[in-house]
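The values are calculated or read from the model by the stated rules, or taken from the named source; none is laboratory data. Since this is a predicted model, take the numbers as computed values, not measurements. Methodologically, a virtual Cβ is constructed for each residue, glycine included, from the backbone with ideal geometry; neighbour enumeration extends over all protein chains shown. Protein only, heavy atoms only, side chains kept; ligands, DNA and RNA dropped before computing areas. Shrake-Rupley method; radii C 1.70, N 1.55, O 1.52, S 1.80 Å.
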Amino acid sequence: MHDAAGNQRLITQSVLHIRTQLTTPTQDVIDAIGTGIGSNTPATIEGKRTELLAHFEDLAAKSQSEPSHDDQHYVSRFDGVGLFQSALSKIFAAVPNLQGYGDWNPLWVITEIEIFAHKVKAILAHIHEDETGKKQPVWAAIVSELLRLKTLDDRAPYPTGVPEPVQLPETFKMVLLADWGGDNDAAKKIAFDVRRQTPDFSIHLGDIYYGGTKFECERFLDMWPMRVNMQDPKSPLQPKGCFALNGNHEMYSGGEYYFNTVLPAFGQKQPFFCLENSHWRIIGLDTAYNGGRLKPLSPTDPMNTQWNWLINTLKKERKATIFLTHHQPVSAHQAEFNDSKPLREDFNELMQMDGVGDDAIFGWFFGHEHRCALYRDSALKFSARLIGNGCIPHEVQKEKAADPGCDEVDFFNRKAAAPGTNTAVSSFAKLSFRGTELLIEYVDETFVTWGAEVWYSDKGRFGGSKFVEYDSIQQ
């Protein structure tokens with residue numbers, strides 16, 4: 001994850017410059033396309049150039065129109081722009097002269113658009129040499145890399161079968177990370193903190209940035225905190241206790257590398273799972289394959305497997321059930337609240353099924369929004385916890401209440417990553433189970449606990465200990 005790939009102006013100007021290059025079939029353009037598609041056929045290359053030109057027109061429009069929400073690090077919600085960020089990040093990281101071109105390098109605070117565009121043009125003219133020794137201008141190398149990537153239009157086949165429930169001990173520790181799949185400083189600090197917790201289980205709730213590519217998924221596994229030797233981050237992955245959910249960014253590259261790289265490394269056969277003991281049931285679900293949905297879209301949709309498995313699982317012996325997903329079922333913010341409507345409708349339909357019932361879900365942890373928030377329990381059918389601040393830099397939360405008509409929040413994590421900055425802290429959730437008791441602690445990248453709460457499986461959602469914020473920033 002190169003810092004420059006998180007600068008929205010740089011992304012936009014890079015897209016505009018490459019679009020200009022693609023308007024004419026120069027030798028550099030022909031070589032870049034031929035390298036990317038593995039063909040020297042002129043007609044094939046020319047057809048791809050025309051297709052790419054239209055694609056970059058679309059990327060330019062999207063990258064210029066997309067609101068940043070004042071985030072300090074740009075992460076696009078559009079699959080095409082996200083894949084462009086992946087390609088740029090990989091190529092930039094391989095060019096020594098481009099190290100240090102990050103979010104706060106003096107280059108990026110220049111306000112004149114013309115000067116900024118000129119600087120970006122100069123950067124993209126640097127020469128990149130790939131692993132085979134081929135030399136290209138950086139812009140051409142980005143085009144070649146982009147052409148090699150899978151896309152959302154080419155979704156990977158969905159894994160078959162259903163998972164067997166994993167039997168949990170009565171006492172264990174679990175760590176939940178969401179939106180953590182970026183190899184930046186915050187992610188590295190979180191990984192270090194998680195290893196210090198020595199958890200029995202670690203679960204990622206999805207999003208490997210920027211596009212879930214092979215390169216990014218391999219980096220994700222390299223950084224994963226659960227190792228055979230917790231004192232040695234380079235030791236092999238723990239053979240048990242690691243799980244990963246699918247996120248929208250994994251699906252930007254069709255989900256191929258999430259399914260074929262991450263899941264096999266974790267020994268996880270399906271992108272959904274059930275962990276349970278006599279008191280608790282923890283269900284991880286794939287909401288990304290169908291773009292934020294649980295319910296299958298047709299009788300032949302491969303998501304029927306998960307949907308039917310989920311219904312049957314919920315009809316079994318009643319336990320305190322916790323959902324884990326990438327996408328949010330609720331939100332305090334209007335745009336995200338609107339986006340979550342399909343998932344909310346799927347959930348409501350699920351709860352109305354015979355043998356399930358409105359009270360089937362005790363709690364729900366999710367990411368997707370780069371914030372940390374505890375929603376008002378009394379206003380929902382489940383206890384909702386947003387923990388999407390795993391590593392992507394974003395501004396400190398300032399709002400005091402939810403947007404009109406959205407879901408009410410009792411606590412936002414308002415802590416800055418460091419004194420005097422407006423970058424919000426990254427964090428994870430530590431869940432300590434002891435029989436019917438569940439202690440939930442929200443731990444940040446500085447190894448400070450923001451606050452904690454206690455749930456009891458036998459006392460109902462309102463029978464636990466309310467969240468206590470240790471730093472009092474909320475007030």
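If the condition is being in a loop (DSSP other than H, G, I, E, B) and under 15 Å from His370 (Cα atoms), then region 411-451 contributes Asn413, Arg414, Lys415, Ala417, Asn422, Val425, Ser426, Glu445. If you check Ile322, Ile361 for being modelled with pLDDT of 95 or more and assigned to a strand (DSSP E or B), only one passes: Ile322.
Do the conditions hold for Ile473, that is, is it part of a loop (DSSP other than H, G, I, E, B), open to solvent by less than 30 Å² (accessible area, probe 1.4 Å) and modelled with pLDDT under 95? For Ile473, the condition - part of a loop (DSSP other than H, G, I, E, B), open to solvent by less than 30 Å² (accessible area, probe 1.4 Å) and modelled with pLDDT under 95 - is not met. Report yes if Arg49 is among the basic types (Lys, Arg) and within 30 Å of the chain's Cα centre (by Cα), otherwise no. It is false that Arg49 is among the basic types (Lys, Arg) and within 30 Å of the chain's Cα centre (by Cα).
When Glu112 is tested against (1) of a type in the set (Asp, Glu); (2) modelled with pLDDT of 90 or more; (3) over 25 Å from the mean Cα position of the chain (by Cα), only condition (2) is not met.
For region 283-297, the set of residues classified as among the basic types (Lys, Arg) and within 13 Å of Gly247 (Cβ to Cβ) is empty. Within region 283-310, the set of residues being more than 20 Å from the chain's Cα centre (by Cα) and crowded, with 23+ Cβ neighbours inside 10 Å comprises Gln306 only.
Counting only residues that are loosely packed, with under 13 Cβ neighbours inside 10 Å and within 23 Å of the chain's Cα centre (by Cα), region 313-360 holds 2 of them.
To keep it simple, each residue is scored yes or no on (1) in contact with a strand residue (DSSP E or B) (Cβ under 8 Å, 6 or more places away or on another chain); (2) surrounded by 13 or more Cβ atoms within 10 Å (Cβ to Cβ); (3) touching a residue at least 12 places away in the same chain (Cβ under 8 Å); (4) not polar (S, T, N, Q).
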residue	(1), (2), (3), (4)
Gln27	no, no, no, no
Asp31	yes, yes, yes, yes
Thr35	yes, yes, yes, no
Ser39	no, yes, no, no
Ala43	no, no, no, yes
Thr50	no, no, no, no
Glu66	no, yes, yes, yes
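Number of residues in region 364-389 that are open to solvent by less than 10 Å² (accessible area, probe 1.4 Å), outside any strand (DSSP E or B) and either farther than 19 Å from Glu408 by Cβ or among the β-branched types (Val, Ile, Thr) (or both) equals 2.
For the structure I just gave you, tell me whether Asp185 is without any contact (Cβ under 8 Å) to a residue 12 or more places away in the chain and acidic (Asp, Glu). Yes; evaluated as a whole, the condition is true for this residue. Taking region 325-351 as the range and being farther than 9 Å from Gly292 by Cβ, part of a loop (DSSP other than H, G, I, E, B) and not small (Gly, Ala, Ser) as the test, the residues that pass are Thr325, Pro329, Val330, His333.
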